[in-house]
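The values are calculated or read from the model by the stated rules, or taken from the named source; none is laboratory data. In this text the structure is predicted, and so the values were computed from the model without any measurement. Please note: Cβ atoms are built from the backbone with ideal geometry, for glycine as well, and neighbour counts cover all protein chains shown. Ligands, DNA and RNA are stripped out before the accessible areas are found, and what is left, the full protein with its side chains, is counted by its heavy atoms. Shrake-Rupley method; radii C 1.70, N 1.55, O 1.52, S 1.80 Å.
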Amino acid sequence: MLVRLDGPGTLVEQIYAALRAAILDGSLRPGSRLPSTRALASESGVSRTTTQAAFDQLVSEGYLETRPGSGTYVAAELPDGSMAASRTAATSASDAATAMRLSAFGRTISERRLGVPNPDYPVRFNFRYGLPPVESFPYDVWRRLMNRQIQNISLRSLRYGPAEGAQSLREAIALYLARSRGVVCTAGQVVVTNGSQQAIDLTARLLVERGDLVVIEDPHYQGARNVFAAAGARMVPCPVDADGLDPDFLPPADAGVRVVYVTPSHQFPAGGVMPIARRLALLDWAARSGAVIFEDDYDSEYRYDGRPIPALQGLDGGGRVVYAGTFSKVMFPSLRIGYVVLPPGMLGPFAAAKWLADRHSPTIEQETLAAFIGEGHFERHLRRSRAANASRREALLAALAGEFGDRIQISGSNAGIHVVVWFSDVSADLTASIVTAARAEGVGVNPVAPYYLSPPAVAGFLIGYASLSESEIREGIGRLARVIETISSTAPR
Ligand SMILES: Cc1ncc(COP(=O)(O)O)c(C=O)c1O
């Protein structure tokens, strides 16, 4: 666990305040073990005396307790008043929300906490999902192109632009998708969005009424499930296997499904790649049922084994597929640029919804990105990061095999920047303790259970590998193995 040390106060006060806040907001749970003062000192770059002083203060106030020979733990019972204070703050926030008489949408997202990001803990070996290889991005090229864009800026670029996005970028995206993903479209069908998340959101607003049926994969991307849930959809889970969503389990064609949300090129999070026969069966079902397919192609640029299968969109004769992609995984997520390829009937409404939501995505970034793609930098960066990720993936698979042998099953390793690792001999009940203990050892992993509607029986973790070096991957997996060993050997049977 890393503590940020750029705030006010002495180092001891900052470490004390960060740990106390984590205890009060529940991210450090009662009874959980803290990293040793030595480990925390080395992770945070301070002396051990400093971390020891902060621990001593928290022990003396009753937030922490030490168990000789075993370590320091968050107290099972916290000092009087401390939880009450944080609970009072939460209660008054929910009272205030009630007093505002929120809309059905507002109530749904606040009561079910649908728009709250997962906390991001700084850890030294961060295997958490969604971190692309940002270190190797060619910032010098990006800076040069952005400078050029600003130096040659025209008045046109400073005024509002079209809701659909900059024409130069729409053309660059259409050509790239035709070249690399088998998408069949004109630039006129492309709308630039603030990430693919906005593509999901605007699609839900345009297609889904409260109470409508939406099919989602089980397991699935929570960011999509939450958008459809916020729109009031009734969710119909469809199981996936090693070949992705299984169309045999779709509801009957006359059930009235409005949208099927699917990740056919690298099922999120389980990793299956949908073969052509299933793609055709899904399209056939969509044609019979009148449902729209939302194809989320979020990371298939990274493909390691086997030939890429063309996007569903390119196989769709009936105009029922909304195809979305993003630059978050192949460039960097704070860019907030994604895109959607629309069937002709949705183009006007989608552009209108985008205009209402935020007018359009920022023009200078869009034009810089168009140049970055048009001058070949994007695909060069992609080739380099694909090769680097392939080596990291090899290192990860070797480390997992070395530490765990045949105790584990790995899925989803032939594309993307994460895998799912299942421990068939570790009960799902131990997942939370493993995640907490791993964090204390400086290792960040996501449990896979939250991505399922019906939680799995055994422990599984999402392991992202694109932002770590090969040696960090080996060290991090070694630490994870020791944590799992300790926790599963001490768990009651
Ligand atoms: C499966 C999937 N779809 C969509 C997104 C949204 O990405 P963005 O809005 O950054 O383009 C993500 C982000 O992690 C994702 O994992």
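Can you give me the number of residues within the range 24-72 that are within 20 Å of Gly442 (Cα to Cα), in a helix (DSSP H, G or I) and in contact with a helix residue (DSSP H, G or I) (Cβ under 8 Å, 6 or more places away or on another chain)?
Of the residues in the range 24-72, 12 are within 20 Å of Gly442 (Cα to Cα), in a helix (DSSP H, G or I) and in contact with a helix residue (DSSP H, G or I) (Cβ under 8 Å, 6 or more places away or on another chain).
Would you confirm whether or not the range 118-128 contains a residue that is open to solvent by 20 Å² or more (accessible area, probe 1.4 Å), without any contact (Cβ under 8 Å) to a residue 40 or more places away in the chain, assigned to a helix (DSSP H, G or I) and not assigned by TED's automatic domain parsing to the domain that holds Gly338?
So far as the range 118-128 goes, no, none of its residues is open to solvent by 20 Å² or more (accessible area, probe 1.4 Å), without any contact (Cβ under 8 Å) to a residue 40 or more places away in the chain, assigned to a helix (DSSP H, G or I) and not assigned by TED's automatic domain parsing to the domain that holds Gly338.
Does the range 361-371 hold any residues that are within 16 Å of the ligand (Cβ to nearest atom) and either open to solvent by 20 Å² or more (accessible area, probe 1.4 Å) or not assigned by TED's automatic domain parsing to the domain that holds Ala204 (or both), and which are they?
Pro362, Glu365
Quick one: would you say Ala287 is away from the ligand (no atom under 16 Å from the Cβ), modelled with pLDDT of 95 or more and open to solvent by 50 Å² or more (accessible area, probe 1.4 Å)?
Yes; evaluated as a whole, the condition is true for this residue.
For the range 334-349, how many residues are near the ligand (Cβ under 9 Å from one of its atoms) and open to solvent by less than 10 Å² (accessible area, probe 1.4 Å)?
Count: 2.
Can you tell me which of Ser42, Ser70 is over 22 Å from Ile487 (Cα atoms), surrounded by fewer than 19 Cβ atoms within 10 Å (Cβ to Cβ) and modelled with pLDDT of 80 or more?
Only one candidate passes the filter, namely Ser42.
Which of the residues spanning the range 408-427 are open to solvent by 30 Å² or more (accessible area, probe 1.4 Å) and either aliphatic (A, V, I, L, M) or modelled with pLDDT of 95 or more (or both)?
Answer for the range 408-427, where residues must be open to solvent by 30 Å² or more (accessible area, probe 1.4 Å) and either aliphatic (A, V, I, L, M) or modelled with pLDDT of 95 or more (or both): Gln409, Ile410, Trp422.
Filter the range 299-333 down to residues that are out of contact with any Ser or Thr (no Cβ under 6 Å at 6 or more places or on another chain), of a type outside the set (Lys, Arg) and within 9 Å of the ligand (Cβ to nearest atom) and give me whichever is most open to solvent (accessible area, probe 1.4 Å).
Pro333
Looking only at residues that are of a type in the set (Val, Ile, Thr) and away from the ligand (no atom under 16 Å from the Cβ) in the range 197-238, which one is nearest to Tyr451 (Cα to Cα)?
Val236
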